[in-house]
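Okay, structure first, notes after.
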C-alpha cells in the first residue's frame, strides 16, 4: 500500500539578488524540481543530499507546512496543505532544529499536553509513553523543564512527542544532528525497532551516513532538487563500482610485483609491506591465498565499500 | 460539533500551559501588570490635556469625547489582549517556529495566540472599562434599552474590528518577513484616530480612515447614537446603531488575508 506519493513535486522560491545600489533582480530558484516518489507502508527510507539539495523543503511539502508550487503529493491519501489538520493527526514530525516541546514546561507536561492536542485515548497514550520511556531512557529527566535538557535528552523527548499519537508516517529531519555517540545510538536503536515492527513508515533526512547504513533499506538521494538515486545501498555501490578492499600487511615486500586473479592492486604503502587490493570477482580469501604463495602475511583486514566516498562521487557528478 | 469542541479543548490546554509557564516568572509578571496600565492612562490623560486648551473640539465637549475614548480603548485593549500578540508572527516566521505550529492538528491562529497569553494586559482592559463606564454615566445619556444594548455592543464590535486589523496587518509577514512596524500605523494609529471625533480630521485622510477603512464606525458613530445627536457629517441616525456590524466584513477580510498568507508561508532555512 502506497503511503507517500509524489508526482513531479516542485517548489520554487523567488529570491531577489542585489544588483548595484538600488536595483534588485528577482530570480526563481527551484528548491525541489520535479521529484517522483512512491513509498509503501512500513518502509524506512533515507532521504539524503548535500546542504540545499531540497531535502527539508520536500519534507515540509509532505507535512503540509509548505504549499508545493508544482506537481502533486499525497500522504496517507490526503493532500497535505489542503487537509493539513486531518493529516497532522496521522503523521509524526521531528525537525531536528526546531522544538515541538514547551520550553518552560517539564517534559512530562509537554507529553500530557500533546495527548489533549492529538486527542489520544488515555490508555493508548500511557502505553506508548511507557514504551518510549523504557527504550529512550527518559525517566531521569521526565520532570526537568525542556529548556534545561541537553540536546540528546531533548531529541529523545522530541521523538517521543512525535510518536505518542501513534502516527502512520514518521518524518524525521536530521534526527541525529549534533548528538553525542550514546544519544545517537539510543535514537538509532529505537528507530531500528520501530522499523522492524513494520507498521510505521519512516522517512528521514540525515547527513550521518551511519544512520543510513543502520536504518534504511532504501536510499533516495537528491541533488539540486532532483532525485539522482533511488534504490538500495548495494545498488548504489554497484552503480559506482565501489568494491570491498583487502589490506594485506607483509613481513617483507614481495620479491616480484604481484598480479592476482579476481582483484586489482590499488595501493602500495610502507615500502611495499602494505598492499591494498580491490576485489573484482574474487573473494577476500582468494586474495590472501594468492598473496601468501609469494610472501609471508602478517596481518589482513577487509574494508567495506565506503558510503561517504560513493555519495561524494555522486554529488560531484550531478 | 464534537470536532470543534475537541479542537477548542486543545487550544484551552495550550492556554493553560502558557499560563503555567508565565507563572514561573512571578515578579516580572507583577511588574508587567502595573506598567501596562501606564500606556492606556496616558492616552486618556492626553484627551484631558487637549480639552484644557479648548472646551469644544470638533464640535464635541469633553464628556462626549470621553465616551468615544472609552469605546475605543475598550475595543482596542480587548483586541490587544486577545490577538495583539499576533504581531510576533514576524518572529515566528523568521525563526521557523511557524513550522512547528503547522504540523499540529490545530488551527495556526489559535495556536499562535495561545502560545503567548498576555495576561499582563488584563490591567489595561480593566482601566478602559472603568473609563467607559464613568464616561457613560457622566455624558447625560437618555438611557433606553436599545442604548444599553448599543453601549455593550459598541466596545465588543470595536474589539472584533481591532482584532481583525491586528490579524490582517500581521499577515503581511508571510509575504515580507521584515514587514517592520507597518501594521502599527493601522492598529495604534487606528486606536488614536477612533479616540477623537471624526470631525477633527478632514480631507482624504478622513475619507480613507473614517469611511474607507471604517474606523468612524468603531466609536464615533455609536457615540452619536448614544448621545442622540445628529451626525454633523450627514450620515443618518441608523448608521450609529448599525455601526458595530461593520466589524463583520472587516473580520471576514482579515480571515481571507490570513488564509492566503498561510499558503504563502515560505519556511526559512532547514
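Coordinate-derived values only; no laboratory data. Here the structure is a predicted model, which is why all the values come from computation and not from measurement. Positions of Cβ are backbone-derived with ideal geometry, glycine not excepted, and every protein chain shown enters the neighbour counts.
Overview of results
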item	result
Helix B:2-23 axis, angle to chain B major axis (alpha carbon atoms, nearest 10°)	90
C-alpha long axis of helix A:284-294 to longest principal axis of chain A, angle in °	20
Antiparallel bridges, percent of DSSP beta bridges restricted to the protein assembly as shown (to nearest 5)	70
Helix-only CD estimate at 222 nm, as mean residue ellipticity for chain A, using -39500 (n - 2.57) per DSSP H run (n ≥ 4)	-10000 deg cm²/dmol
Additional length obtainable on full extension of the chain from residue A:150 to residue A:13, 0.36 nm per residue less Cα span	45.8 nm
Three-way shape call for the stretch A:106-208 based on the alpha-carbon gyration tensor, with the a/c threshold at 1.5	oblate
Average Cα contact separation per residue, chain A, under 8 Å, 6 or more apart, as relative contact order %	18
Residue order, fewest to most beta carbons within 10 Å, for B:156, A:307, B:165	B:156, A:307, B:165
Residue order, fewest to most surrounding Cβ atoms within 10 angstrom, among A:75, A:120	A:120, A:75
Efficiency of FRET from Cβ geometry, residue A:293 and residue A:67, R₀ 41 Å, rounded to 0.05	0.05
C-alpha long axis of helix A:151-163 to longest principal axis of chain A, angle in °	60
Top of A:92, A:70, A:157 by mean-square fluctuation, Gaussian network on chain A, Cα under 10 Å	A:70
Residue B:39-residue A:143 FRET efficiency (beta carbon distance; Förster radius 45 Å; 0.05 resolution)	0.70
Rough spin-label spacing in nm, given labels placed 7 Å along Cα→Cβ, for residue A:259 and residue A:124	6.9
Chain B - percent relative contact order, Cα under 8 Å, separation 6 or more	27
Order of B:199, A:122 - criterion: other Cβ atoms within 10 Å of each residue's Cβ, fewest first	A:122, B:199
Choice from B:133, B:69, B:53 with maximal GNM fluctuation in chain B (Cα, 10 Å cutoff)	B:53
Among beta bridges that DSSP assigns inside the stretch A:2-231, antiparallel share in %, nearest 5	60
Other protein chain Cβ atoms within 10 Å, averaged over every residue that makes up B:92-104	5
Length-normalised contact order for the stretch A:1-125 - Cα pairs under 8 Å, 6+ apart - percent	24
Other protein chain Cβ atoms within 10 Å, averaged over every residue that makes up A:62-70	3
For chain A, built as a Gaussian network whose Cα springs stay under 10 Å, the top-fluctuating residue of A:182, A:220, A:202	A:182
